[in-house]
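Every read-out reported here was derived from the displayed coordinates using simple, explicitly stated rules and does not represent laboratory data. Every value quoted in this text rests on a predicted model; they were computed, and no experiment measured them. FYI the Cβ positions are ideal-geometry reconstructions off the backbone, even for glycines, and counts take in every protein chain you see.
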Amino acid sequence: MNVAVVGATGAVGETILRVLEERDLPIARLGTFASRDRRAAVRFRGDLLDVRATTHEALRGFDVVFFAGGEDASEQYAPALVERGSIVIDNSATFRMRDGVPLIVPDVNAAALQAEHRLFPVANCTAIVLCTALRPIRDVAGLRGVRVATYQAASGAGRAGLDEFLAGERAVAAGDADPEPSVFARPLARNVLPEVGSFDGTGWSSEERKICDETRKLLGLPQLAIGATAVRVPVRTAHSEAVFLETVRATNVAELAAAFEHAPGIVFHRRGIVTPRDVEGTDDVHVARLRAALRQAQDDKAQDDKAQTEFALWCVGDQLRRGAATNAVQILELLLSKGYVAG
Ligand SMILES: NC(=O)c1ccc[n+]([C@@H]2O[C@H](COP(=O)([O-])OP(=O)(O)OC[C@H]3O[C@@H](n4cnc5c(N)ncnc54)[C@H](OP(=O)(O)O)[C@@H]3O)[C@@H](O)[C@H]2O)c1
């Protein structure tokens, strides 16, 4: 199988190379591409590989092309590749909400994949973490509503976002003036920014819209009531989310906890907390602090046992791996396992 990675020098592209290597995919030829030529710029299976400028011609002859190069590269190259019969697995938002295009998180909705599909957008990283955590609840008790506040890491804004955050941290630690931010709206070090993406005329951010729209599509719940506030926090890698949810059927914490114990792609913490630094570099979504969401005026210690519909939880996942690269590679593994791509 001949595989190309467009955006191989970026935060997600570099992680795709690492995950392909770790999971030992049957790759005969690997092509690595970015916006311009660079010698010995990325590492794969112990070798330093040249990176080539992306062109239509350079992408010929690859069975599978991963895109981690932003909206422009995907829009420019993906349609012609699909036309020629290549499989495209695209981390940008370009095609995610198009009718007839599947949006697949293998641990959530693998059944949505059909033999005729060639183009596979990878969902928004925050939506992937959220939907992996919500799937067991949807399956056990149905979902009527979701409210989520996110705590998103600096590397979610790519290599430039991470570099800006780290430079800011160094300046603060040295007592220097904050460097002028260019990726983020304000300095991120020792701060939190309630702005991820760009605001539209209604006050919603583009990230908040993606979380809501893609969650409905991934969970197959077009009528789901869902709201989000997306916040950037001074964390290197891994997104966290505080979730309040309403089930359709009344249930209790014990029944939902049992569902989490057996759910794919989830590590469930019955007690204690889990943080972004705990999960950096890992592939699972961690769920903790599952509880009944609304406390009555009197402190009723038995309320977790009562059947009810309102719950809260905390979930965390490495957004470069779980929310992007690992999900992308798992889509390819699914295609290989079904025989839709020859290894
Ligand atoms: N960061 C995350 O946590 C995350 C999570 C999920 C999805 N995503 C999505 O994944 C994509 C990549 O994000 P990232 O965070 O990895 O960004 P990044 O660190 O800024 O890397 C971008 C990569 O794309 C390349 N590139 C830029 N323009 C290109 C073009 N016109 N043609 C070919 N290559 C081009 C860059 O090459 P040069 O080095 O030559 O500039 C670089 O390799 C984006 O669509 C992003 O929305 C990111």
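Before moving on, here are some points about what is shown:
- Hz values of 3J(HN,Hα) by residue in region 100-114 - Karplus curve (6.51, -1.76, 1.60), Gly and Pro given as x: x, 9, x, 10, 10, 10, x, 7, 10, 8, 4, 5, 6, 7, 10
- Put in order of Cβ neighbour count within 10 Å, fewest first, the listed residues 155, 182, 92 become 182, 92, 155.
- Annotation: amide H-H contacts under 5 Å for residue 290 (H modelled 1.01 Å from N, sequence separation of 5 or more, or interchain): 314.
- Ordering 224, 320 from the fewest to the most neighbouring beta carbons within 10 Å gives 224, 320.
- Stretch gain in nm, segment residue 191-residue 159, where the contour uses 0.36 nm per residue and the Cα spacing is subtracted: 9.6 nm
- Once the Kirkwood radius over Cα pairs is known for region 127-319, the Stokes-Einstein relation at 20 °C and 1.002 mPa s delivers a diffusion coefficient of 121 µm²/s.
- Shape of region 184-240, Cα gyration tensor, a/c cut at 1.5: oblate
- Mean residue ellipticity, 222 nm, helices only, the chain: the sum of -39500 (n - 2.57) across DSSP H runs of n ≥ 4, divided by residue count and rounded to 500, is -9500 deg cm²/dmol.
- Derived scalar couplings ³J(HN,Hα) [region 187-193; Karplus, 6.51 cos²θ - 1.76 cosθ + 1.60; whole Hz; x for Gly, Pro]: x, 8, 4, 6, 8, 10, 10
- Prolate/oblate/rounded call for region 215-308, Cα gyration tensor, a/c under 1.5 rounded: prolate
- When each full DSSP H helix of the chain is screened for a Cα extent of at least 15 Å along its own axis and an average Kyte-Doolittle hydropathy of at least -1.0, the helices passing are 11-22, 70-83, 125-141, 158-174, 326-338.
- Rounded to the nearest 20, the Cβ-based charge dipole of the chain about its Cα centre (Lys and Arg +1, Asp and Glu -1) stands at 300 debye.
- Length gained when the stretch residue 55-residue 144 is fully extended (0.36 nm per residue, less Cα-Cα span): 27.5 nm
- In this calculation the C-beta distance from residue 304 to residue 116 is compared with R0 = 45 Å, giving a FRET efficiency of 0.45.
- The coefficient of translational diffusion for region 1-99, derived via Stokes-Einstein from the alpha carbon Kirkwood radius under 4 °C and 1.567 mPa s, stands at 97 µm²/s.
- Label point distance in nm, residue 28-residue 177, each placed 7 Å from Cα along Cα→Cβ: 5.9
- Rg of the Cα atoms in the chain, relative to 2.2 N^0.38 Å, amounts to 1.02.
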